[in-house]
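Q: Got a structure here, written out as structure tokens. Questions coming.
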Amino acid sequence: MLKMIITRFAPSPTGYLHIGGLRTALYSYLFAKRYEGKFLLRIEDTDRSRFVAGAEEKLQQSLRWAGIEWDNKEIVRQSDRLDIYREYVEKLLQEKKAYHCFCSSDRLSEMRKYQEKNKQLVKYDRTCLSLSAEEITERIEKGEKSVVRFRIPDDQENVTFSDQIRGKVSIHTYAVDDQIILKSDGFPTYHLANVVDDHISDVTHVIRGEEWLSSTPKHILLYKAFGWEVPLFAHLPLLLNADRSKLSKRQGDVSVEDYRERGYLPEALINYVALLGWNMGKGNTQEFFTLKELEKIFDIQHVHKAGAVFDIKRLQWMNAHYIKNLDIDILFEKTQEFWKQFFEKNHIDQEKFDEDFLKKVLSVEQERLLELSEVGEKNIFFFQEIAVSKEMLRWKQMEDRDVMSSLEKAKSLFESIEEKEWNQEILSTELLSVCDTEKKGEFFWPVRIALTGAQQSPPPHQVAWVIGKEKSIQRIANAIDCFK
Ligand code: GLU
């Protein structure tokens, strides 16, 4: 019988969910779904110095927001399992595959300096490996602090494994340090806890970022020391800034939360992140994928080896695509918090604008929104009184009387259209019918400015439709007043 595929995402709760973390989680999730396996979430919180309160909740929220659900009801949290790890460390100690080390940090840094100076490989010099059992017991009983180190076997030359993305990887064991597996505070290190948990949860595929590649030989040696089956590994390429440096906060937003707050839709972020280092293979140019679609087609074999550049412009373009395709009621619902922010920021009383009005604004803005946080921002004239001047209303070298005549024409047109016919289609046709086709600018420019007070805006028929007949006539009349 074929083994069930089990993958996991194992973040450390040190802050927020990074875009790179989202990609790791997504690929692990998709791979498990594709093969009807399981995707697990585990919190690796054994490094107490890097622990951030509340970070785990944020991680979970971000994953859920993105639509990535894990299959384990109880999340594995490493800090709850110290006894388990200790048991395994004990086993290695008994089998002499691990040893206590009492070296102080001062001594270790002296040692490192010496090795560097003498161009030696920097690694633990095994001073404590020769301690007798009695001495160890005595020192522990006296309360001396110690760690436990894994003893890299001397009898094996290379650790070799076949990475699912980069192929054969081989490292000489001589280059591998006798890593610490249990710290003096009683917490295991990442290496030990990671291997023990992956084994206990029957993980078949470890999919993680390239930065962990150098840890993998250590992990493989640990699996072997325990006599356990080694899972398959896939190390994902780095995410890069446009200048090909490692994606970092300095060059823009990197957390999923930042993108949520700026008004990215989870569908867009997932679609974009899925394509950061993966495609369907030669000749397939499909760009838009839903999560459900990806669950059916994702495979590790099409993940690239080279780093992937994070291109915010492309993400924006993708977000705009998803925004454009939203039903207006759903768009309205999704923009609730952004409307609130917009009104607060601009000191406008939200109460004055009902759902109907906001939906009208949205239906005009929808085509142009890159991020949901932009709602209202570019078209503030929908919500505030405007001020115009002669100079603003003038198109190129137009005479005053010509500007007036354009405005008068628009005013009588608006007056002639009945309330029930006040819709975009009629407004658009009627406005075009009264303007001289040779002189569109002379007509539309003053009308646009009169209605919006802004040089850039949606076309006049859309603005007039949103603000309504009364306000449209009022604004045109105010503009005419500038010339009296
Ligand atoms: N805790 C590690 C991290 O924060 C997990 C690496 C792994 O997946 O093995 O990324």
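The values are calculated or read from the model by the stated rules, or taken from the named source; none is laboratory data. Because the structure is a prediction, the values reported are computed rather than measured. So basically every Cβ, Gly included, is an ideal-geometry build from the backbone, and we count neighbours across all protein chains shown.
Q: Enumerate the helices (runs of 4 or more DSSP H) found wholly within the range 315-378, keeping only those where 3 or more residues are more than 25 Å from GLY252 (Cα to Cα) and touching a Phe, Trp or Tyr at 6+ places or on another chain (Cβ under 8 Å). Spell out how you get there, then give the answer.
A: Working: elements: 328-334, 336-345, 355-365.
Those helices (runs of 4 or more DSSP H) span 355-365.
Q: Could you check the range 173-207 and list, in sequence order, the residues that are away from the ligand (no atom under 14 Å from the Cβ) and out of contact with any strand residue (DSSP E or B) (no Cβ under 9 Å at 6 or more places or on another chain)?
A: TYR174, ALA175, ASP185, GLY186
Q: Say whether the condition of being modelled with pLDDT of 95 or more, closer than 30 Å to GLY307 by Cα and exposed (fewer than 12 other Cβ atoms within 10 Å of the Cβ) is met by at least one residue in the range 165-174.
A: Among the residues of the range 165-174, at least one is modelled with pLDDT of 95 or more, closer than 30 Å to GLY307 by Cα and exposed (fewer than 12 other Cβ atoms within 10 Å of the Cβ), which makes the answer yes.
Q: Which residue is surrounded by the fewest Cβ atoms within 10 Å (Cβ to Cβ), if the candidates are limited to the range 256-294 and must be closer than 24 Å to GLN336 by Cβ and polar (S, T, N, Q)? I'd like the intermediate steps shown before the answer.
A: Of all residues in the range 256-294, those closer than 24 Å to GLN336 by Cβ come to 256-272, 290-291.
Then drop every residue that is not polar (S, T, N, Q), which leaves 271, 290.
Values: ASN271: 22, THR290: 12.
Ranking the candidates gives THR290 first.
Q: Let me ask you something else. Conditions first: (1) surrounded by 15 or more Cβ atoms within 10 Å (Cβ to Cβ); (2) away from the ligand (no atom under 16 Å from the Cβ); (3) at pLDDT 95 or above; (4) not aliphatic (A, V, I, L, M). GLU134 passes all but one, so which condition is the exception?
A: So the condition that GLU134 fails would be (1).
Q: Now a separate question. Which of (1) of a type in the set (Phe, Trp, Tyr); (2) within 21 Å of HIS235 (Cβ to Cβ); (3) under 15 Å from the mean Cα position of the chain (by Cα); (4) away from the ligand (no atom under 13 Å from the Cβ) does TYR27 not meet, given it meets every other one?
A: (4)
Q: Could we say that SER170 is of a type in the set (Gly, Ala, Ser), closer than 28 Å to THR7 by Cα and in contact with a Ser or Thr (Cβ under 6 Å, 6 or more places away or on another chain) here?
A: Details: of a type in the set (Gly, Ala, Ser): yes; closer than 28 Å to THR7 by Cα: yes; in contact with a Ser or Thr (Cβ under 6 Å, 6 or more places away or on another chain): yes.
In short, yes.
Table: residues versus (1) near the ligand (Cβ under 10 Å from one of its atoms); (2) in contact with a helix residue (DSSP H, G or I) (Cβ under 7 Å, 6 or more places away or on another chain); (3) without any contact (Cβ under 8 Å) to a residue 12 or more places away in the chain; (4) under 26 Å from GLU95 (Cβ atoms).
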{"position": "GLY209", "(1), (2), (3), (4)": "yes, yes, no, no"}
{"position": "LEU213", "(1), (2), (3), (4)": "no, no, no, no"}
{"position": "LEU221", "(1), (2), (3), (4)": "no, no, no, yes"}
{"position": "VAL230", "(1), (2), (3), (4)": "no, yes, no, yes"}
{"position": "PHE233", "(1), (2), (3), (4)": "yes, yes, no, yes"}
{"position": "ASN241", "(1), (2), (3), (4)": "no, yes, no, no"}
{"position": "ARG244", "(1), (2), (3), (4)": "no, no, no, no"}
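Q: Suppose we filter CYS103, CYS128 for residues that are assigned to a helix (DSSP H, G or I), modelled with pLDDT of 95 or more and surrounded by 14 or more Cβ atoms within 10 Å (Cβ to Cβ); which single one remains? Working first, answer last.
A: On the way: CYS103 fails: assigned to a helix (DSSP H, G or I).
Unique residue meeting the criteria: CYS128.
Q: Then there is this: Could you list, in sequence order, all residues of the range 254-294 that are part of a loop (DSSP other than H, G, I, E, B), among the hydrophobic types (A, V, I, L, M, F, W, C) and under 10 Å from the mean Cα position of the chain (by Cα)? Show your work before the answer.
A: First pass over the range 254-294, keeping only residues part of a loop (DSSP other than H, G, I, E, B): 254, 262-265, 275-277, 279-290.
Checking the rest, the ones that are also among the hydrophobic types (A, V, I, L, M, F, W, C) come to 254, 265, 275-276, 280, 288-289.
Of everything in the range 254-294, just one residue is part of a loop (DSSP other than H, G, I, E, B), among the hydrophobic types (A, V, I, L, M, F, W, C) and under 10 Å from the mean Cα position of the chain (by Cα), namely VAL254.
Q: Being polar (S, T, N, Q), away from the ligand (no atom under 12 Å from the Cβ) and not in a loop (DSSP other than H, G, I, E, B), is that true of even one residue in the range 39-50?
A: Taking the range 39-50 first, the residues polar (S, T, N, Q) are 46, 49.
Add one more test, that the residue is away from the ligand (no atom under 12 Å from the Cβ), and what stays is 49.
Still in the running and not in a loop (DSSP other than H, G, I, E, B): 49.
There is at least one residue in the range 39-50 that is polar (S, T, N, Q), away from the ligand (no atom under 12 Å from the Cβ) and not in a loop (DSSP other than H, G, I, E, B).
Q: Determine which member of the set LYS91, LYS123, LYS96, LYS113 is touching an Asp or Glu at 6+ places or on another chain (Cβ under 9 Å) and either in a helix (DSSP H, G or I) or closer than 29 Å to TYR223 by Cα (or both).
A: Details: LYS91 fails: touching an Asp or Glu at 6+ places or on another chain (Cβ under 9 Å); LYS96 fails: touching an Asp or Glu at 6+ places or on another chain (Cβ under 9 Å); LYS113 fails: touching an Asp or Glu at 6+ places or on another chain (Cβ under 9 Å).
On inspection, the qualifying residue turns out to be LYS123.
Q: Quick one: which residue in ASP83, ASP71 is assigned to a helix (DSSP H, G or I), of a type in the set (Asp, Glu) and at pLDDT 95 or above?
A: Values: ASP71 fails: assigned to a helix (DSSP H, G or I).
On inspection, the qualifying residue turns out to be ASP83.
Q: Follow-up. Within the range 359-380, count every residue that is over 29 Å from the mean Cα position of the chain (by Cα) and over 18 Å from GLU425 (Cα atoms).
A: Residues flagged as over 29 Å from the mean Cα position of the chain (by Cα) and over 18 Å from GLU425 (Cα atoms) within the range 359-380 amount to 1.
Q: Still on this structure, I have one more. Taking only pairs six or more apart or across chains, which ones have beta-carbon atoms under 8 Å, a first residue in the range 409-429 that is on the phi < 0 side of the Ramachandran plot, and a second residue that is of a type in the set (Phe, Trp, Tyr)?
A: Close Cβ pairs (under 8 Å, with a partner that is of a type in the set (Phe, Trp, Tyr)) amount to LYS409/PHE443; ALA410/PHE443; TRP422/TRP465; ASN423/TRP465; GLN424/TRP465; LEU427/TRP465.
Q: Separate question: Can you confirm whether LEU93 is touching a strand residue (DSSP E or B) at 6+ places or on another chain (Cβ under 7 Å) and either free of Cβ contacts under 8 Å to residues at least 12 places away in the same chain or more than 16 Å from the ligand (Cβ to nearest atom) (or both)? First the steps, then the outcome.
A: Values: touching a strand residue (DSSP E or B) at 6+ places or on another chain (Cβ under 7 Å): yes; either free of Cβ contacts under 8 Å to residues at least 12 places away in the same chain or more than 16 Å from the ligand (Cβ to nearest atom) (or both): yes.
It is true that LEU93 is touching a strand residue (DSSP E or B) at 6+ places or on another chain (Cβ under 7 Å) and either free of Cβ contacts under 8 Å to residues at least 12 places away in the same chain or more than 16 Å from the ligand (Cβ to nearest atom) (or both).
Q: Moving to a separate point now. Test LYS439 against the criterion of being loosely packed, with under 15 Cβ neighbours inside 10 Å, in a helix (DSSP H, G or I) and either at pLDDT below 95 or within 40 Å of the chain's Cα centre (by Cα) (or both), and give yes or no.
A: Values: loosely packed, with under 15 Cβ neighbours inside 10 Å: yes; in a helix (DSSP H, G or I): yes; either at pLDDT below 95 or within 40 Å of the chain's Cα centre (by Cα) (or both): yes.
Criteria met by LYS439.
Q: Looking at the range 156-203, which of its residues are part of a loop (DSSP other than H, G, I, E, B) and more than 28 Å from LEU41 (Cα to Cα)?
A: Going residue by residue through the range 156-203, those that are part of a loop (DSSP other than H, G, I, E, B) are 156-157, 164-166, 176-179, 183-187, 189, 201-203.
Listed by number, the residues that qualify are GLN156, GLU157, VAL176, ASP177, ASP178.
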